[in-house]
1. Which of the residues belonging to segment A:9-31 are closer than 14 Å to residue D:15 by Cβ and among the polar types (S, T, N, Q)?
2. Among (1) surrounded by fewer than 20 Cβ atoms within 10 Å (Cβ to Cβ); (2) away from ligand 2 (no atom under 14 Å from the Cβ); (3) hydrophobic (A, V, I, L, M, F, W, C); (4) under 25 Å from the mean Cα position of the chain (by Cα), which single condition is residue D:361 missing?
3. Any residue in segment D:287-295 that is more than 16 Å from ligand 1 (Cβ to nearest atom) and either within 14 Å of another protein chain (Cβ to nearest Cβ) or modelled with pLDDT under 85 (or both)?
4. Conditions first: (1) more than 7 Å from every other protein chain (Cβ to nearest Cβ); (2) touching a helix residue (DSSP H, G or I) at 6+ places or on another chain (Cβ under 9 Å). Residue A:58 passes all but one, so which condition is the exception?
5. Please state which one of C:8, C:42 is more than 8 Å from chain A (Cβ to nearest Cβ) and either under 14 Å from residue A:78 (Cα atoms) or among the acidic types (Asp, Glu) (or both).
6. Considering D:97, D:88, which residue is closer than 16 Å to residue D:238 by Cβ, part of a helix (DSSP H, G or I) and assigned by TED's automatic domain parsing to the domain that holds residue D:185?
7. Give segment D:396-410 a look and list any residue that's near ligand 2 (Cβ under 10 Å from one of its atoms) and closer than 25 Å to residue D:338 by Cβ, or say none.
8. Taking the criterion of being without any contact (Cβ under 8 Å) to a residue 40 or more places away in the chain and facing chain B (nearest Cβ under 7 Å), would at least one residue in segment D:265-272 satisfy it?
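The values are calculated or read from the model by the stated rules, or taken from the named source; none is laboratory data. Remember, it's a predicted structure, so these values are computed and weren't measured experimentally. Here Cβ is always computed from backbone atoms with ideal geometry, including for glycine, and neighbour counts include all displayed protein chains.
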Amino acid sequence: MEALIGSIVIFTLATFLGVELINRVPTTLHTPLMSGANAISGITIAGALIVAGGEHGWISTVLGFLAVVFAMINVVGGYAVTDRMLQMFKRKPEQK
Amino acid sequence: MEALIGSIVIFTLATFLGVELINRVPTTLHTPLMSGANAISGITIAGALIVAGGEHGWISTVLGFLAVVFAMINVVGGYAVTDRMLQMFKRKPEQK
Amino acid sequence: MSHTVTQLIYLVASVLFILGLKWLSSPATAVKGNRISGVGMLIAIVVTLLDQAIVTYQVIIAGLVVGSALGLWMAKAVKMTSMPQMVALLNGLGGGASLLVGGAEFLRSELVNEQLPLDTSITMQLSLLIGAVTLTGSLVAWAKLQEVMTGKPIIYPGQKALNALMFLAVVGLSVYQVSVPESLLWPFYAVLVISLLLGVTLVIPIGGADMPVVISLLNSYSGIAAAMTGFVIRNEVLIIAGALVGSSGIILSQIMCKAMNRSLANVLFGAFGATGGGSTKTAEGLTVRQTSADDAAVQLAYAKSVIVVPGYGLAVAQAQHIVREMADLIEKKGGEVKYAIHPVAGRMPGHMNVLLAEANVPYDKLFDMDQINAEFERTDVCLVIGANDVVNPASRTDPGSPIYGMPILNADKAHSIIVLKRGMGAGFAGIENELFYNPKTAMLFGDAKGSLQKVVTELKAL
Amino acid sequence: MSHTVTQLIYLVASVLFILGLKWLSSPATAVKGNRISGVGMLIAIVVTLLDQAIVTYQVIIAGLVVGSALGLWMAKAVKMTSMPQMVALLNGLGGGASLLVGGAEFLRSELVNEQLPLDTSITMQLSLLIGAVTLTGSLVAWAKLQEVMTGKPIIYPGQKALNALMFLAVVGLSVYQVSVPESLLWPFYAVLVISLLLGVTLVIPIGGADMPVVISLLNSYSGIAAAMTGFVIRNEVLIIAGALVGSSGIILSQIMCKAMNRSLANVLFGAFGATGGGSTKTAEGLTVRQTSADDAAVQLAYAKSVIVVPGYGLAVAQAQHIVREMADLIEKKGGEVKYAIHPVAGRMPGHMNVLLAEANVPYDKLFDMDQINAEFERTDVCLVIGANDVVNPASRTDPGSPIYGMPILNADKAHSIIVLKRGMGAGFAGIENELFYNPKTAMLFGDAKGSLQKVVTELKAL
Ligand SMILES: NC(=O)c1ccc[n+]([C@@H]2O[C@H](COP(=O)([O-])OP(=O)(O)OC[C@H]3O[C@@H](n4cnc5c(N)ncnc54)[C@H](OP(=O)(O)O)[C@@H]3O)[C@@H](O)[C@H]2O)c1
Ligand SMILES: NC(=O)c1ccc[n+]([C@@H]2O[C@H](COP(=O)([O-])OP(=O)(O)OC[C@H]3O[C@@H](n4cnc5c(N)ncnc54)[C@H](OP(=O)(O)O)[C@@H]3O)[C@@H](O)[C@H]2O)c1
């Protein structure tokens, strides 16, 4: 139970922090924010890796493999597409 | 060690949260903010109470008593004085 | 690597995510922010790979390679106008991953007959449920936006009751699963199937144009699902990152709703756009004034001040580059061109900003609604390109209108208005727009890109 | 009460602290915010009282009653102008409490010969050290502000080396204490004494007017000390609240330094104000123009626009109420009165705002430096009341000046300037002010309250 409480505390703090951080983002950047946040939610990759890499029978391995693929598309696709969008926001003088 | 890590995580998150929150406070409110934050730091009262209330010989009791008094002055004085200052900021129509 | 060190490195990754989001708050630091958040992810992945629980690497490496390749390809291939779909798809995959992880953990514990502690099974159940809803819900959102299925709300009698029933069934089964001592397979599969279905049935009654709100909300769910997985496997980076995403999604969908002057509940359950609004005014007896590309070009060439109001039609027509070209020509002739960006113009927040940024429009020419609304009355020509609802004066005057109360751009206050659209088609809200019948307004019919192309040719000739 | 429930309630208290700080960000919600944070504290105290580790209540209750009574009395008795001292004192007591808790824990473990785990002894040592420095440092700050001791920096040769030495000694002893298996008494007492001394020696070289920065920093330390105590007794509310205060203090002191255009290091180690700046201009050969209260009153009565620049002298003279009265009279005669608030006017951030709010000046008449600086050139009379450094043009023109580069209020741009001060005394930075010799400037010598009183009497008579 002790550990659960710790997790709840962490969850609560991170939620408050998220609210503060997001409220500062201007509308202009909301689309990249959405895809960027989405990429962060690909952190499930950590769980997926552990499931895929343990030897707990073929079901776990197959599910784990799929989980890794899904999560990785989410992560790589998310960061790459966000970067592509944000590149367009760079001030022109910096670009050339 | 597990518990220590948890504490470190919590400390880190709370620090980030603090920075975000404080950065939003306008200069006008900095003095009350200072005394208000100061009152919050009186949370040491929790530790003081446990030390003063346990029966671990007279040294602990005396130190604990002093700790409770100090922390309590900090807490009560801090909140009261902050409230007094903030009252002055209330819009006039609300006041009367 | 010792568990403590792993944990500390995970904390570093979390801090990088936080910094990433923090820096996303300004265009100047946003690129850096996104990359630093990516570095956090990389660190988290590498550390996880070194975890002692991982024994075979073949499967993992295959998965990483396949996933990265697909992800990169998608990111490169996607058109800027298809961003909403892309985000929906990625989001669905994220939910799917967390569903798979939860499922695999359950099946493993089942296989070895492990007795899970209560909190672990609760959070596992939640991660399953939310992951499944996110997966299918996002896929439906994707299908609607991609126009693989109809964008119209799909409604049928008893829909809400059915959804409520399914939801209760899932909750009931989950509680049962968690409370009986052994872990049973049939409630697991039942929860799985119903949750997947629920994702579909919850999203189909929502109109295509409301999908950004739904995606943002589902994104929030997938964050929460990740956090739940974090509770299950006691991993702090999952909890923190999940919570950050969870709150970000909620806040974003609220911001969008607020800009449309609707409640989140109305978006999710209102089946907005399924039927026309009750008191919607009709246009009978009113006439519109048409203009030609030549006339429009002449007018623009001599205008001192022009405000461009881009809308969803600009995105559909992919006319962002040609707009830029036109603006350059007008400025060469001495006029000043500004862009007025309504917060919900297009189909996702910041949609217009991304499009115009793609066409290299400098972002100090882009103005928020609040910044520019006072300027319309001092403006010679307001050029409305594929926008409709965001300039509809009914929101100010007609209390019966579905968009009544939504703040709009004051295009009707300009000295003269030119509207580019294909015909008299309605916008997302499905209602008439008085602005088009305003004597000051001239309509230039045709696909936005085509019309602008002609205007540009004329401008060059002048 | 079970440990889990206690922990959850502590979490509730933490959330209330967070909300409290969040709401402190706007004058409209600040009162509510402070109170909700107080409720959080109450909850934390009540829950702690129900903890099973507490066996005797007499001592506790006595402590609570005595502490509350003293605290309330202080809060009621303190004058608004003495706020900085009050905060310093409270802050010191907070540090003292955390020192006492750490010490008591150490002595207890010593008594029962308990072997403490490494991390506990490290954090305990830190909470001792920081608590002690905060205690004595704050007391010195209090004494300087209260003018019980000189406000001038106290410096002597080898000061920095000595401080560094003491710091190293504390660190060395702490490391020794933590690393030897048994807990020894002598390093404990040594650390205690040296830390207490260190608090004194670190603060005495800092000038009285820099005390707000020091207090804010010490406040931050006391927050960190509370967090450390939280690590020791594994209590999350202590960690969270401590971290919040810790970051708040740091941010505030940085904000103050930035407004003074100085670095934190310069404030802490620069012994600012100990000697006059090298290239400080002298006023030889220049003359000032004096005016009388009658003339000033006439000028103010006919002014269309007046900007009041309040400074430290206003606080000293307690002239806030009479300023308000004067402003009302001017407005009755048709002039407009605004207040220009420099971020570091007075002796603590927001000092002027608190004072003027006390006198019921509506806060939409108070303007930040950035908001109002452009208006001075359109202003008939600028009334500088007990301010000096914040209107010193040397910060713009004289690179050798200690305040060079500090952003100032453009009082010198007004059509005419009236300066109220007692004589030609320098301000905090100890330098000459060209503004006083400006041909547009008239000096009205005397205590600010007395002078204003006369002006008000004249205004009424006019
Ligand atoms: N941005 C968001 O986050 C978001 C989220 C959810 C909902 N929404 C909603 O979406 C709407 C956005 O308003 P809006 O003014 O941007 O768009 P709109 O009201 O949907 O109107 C778009 C207009 O563009 C025209 N059009 C379509 N294709 C075109 C083409 N190829 N060339 C020229 N014109 C074309 C259409 O008329 P024709 O058919 O006659 O050409 C239509 O009237 C709002 O109602 C908002 O509430 C926005
Ligand atoms: N606000 C903060 O947080 C903070 C923190 C640290 C340092 N500081 C420093 O404090 C200074 C604040 O500037 P400031 O312009 O407000 O004050 P100042 O530069 O310190 O000047 C105050 C002036 O008030 C006059 N005065 C004193 N008592 C008076 C009375 N009873 N009646 C009339 N006049 C009186 C003094 O001149 P006479 O002696 O001739 O009367 C003095 O020149 C800045 O240098 C700032 O950097 C501020």
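1. So in segment A:9-31, the residues closer than 14 Å to residue D:15 by Cβ come out as A:9-17, A:19-20.
Across segment A:9-31, the qualifying residues are A:12, A:15.
2. Single failed check for residue D:361: (1).
3. The initial filter retains those residues of segment D:287-295 that are more than 16 Å from ligand 1 (Cβ to nearest atom), namely D:287-295.
Subsequent filtering for residues that are either within 14 Å of another protein chain (Cβ to nearest Cβ) or modelled with pLDDT under 85 (or both) retains D:287.
Yes, the conditions are met somewhere in segment D:287-295.
4. (2) is the only condition that residue A:58 fails.
5. Details: C:8 fails: either under 14 Å from residue A:78 (Cα atoms) or among the acidic types (Asp, Glu) (or both).
Being more than 8 Å from chain A (Cβ to nearest Cβ) and either under 14 Å from residue A:78 (Cα atoms) or among the acidic types (Asp, Glu) (or both) holds for just one of C:8, C:42, which is C:42.
6. Numbers: D:88 fails: closer than 16 Å to residue D:238 by Cβ.
Just a single option satisfies the conditions, and that option is D:97.
7. First pass over segment D:396-410, keeping only residues near ligand 2 (Cβ under 10 Å from one of its atoms): D:402-403, D:406, D:408-409.
Answer for segment D:396-410, where residues must be near ligand 2 (Cβ under 10 Å from one of its atoms) and closer than 25 Å to residue D:338 by Cβ: D:403, D:406, D:408, D:409.
8. In the first step, residues of segment D:265-272 are kept if they are without any contact (Cβ under 8 Å) to a residue 40 or more places away in the chain; the result is D:265-266, D:270.
Add one more test, that the residue is facing chain B (nearest Cβ under 7 Å), and what stays is none.
Scanning segment D:265-272, I find no residue that is without any contact (Cβ under 8 Å) to a residue 40 or more places away in the chain and facing chain B (nearest Cβ under 7 Å), so the answer is no.
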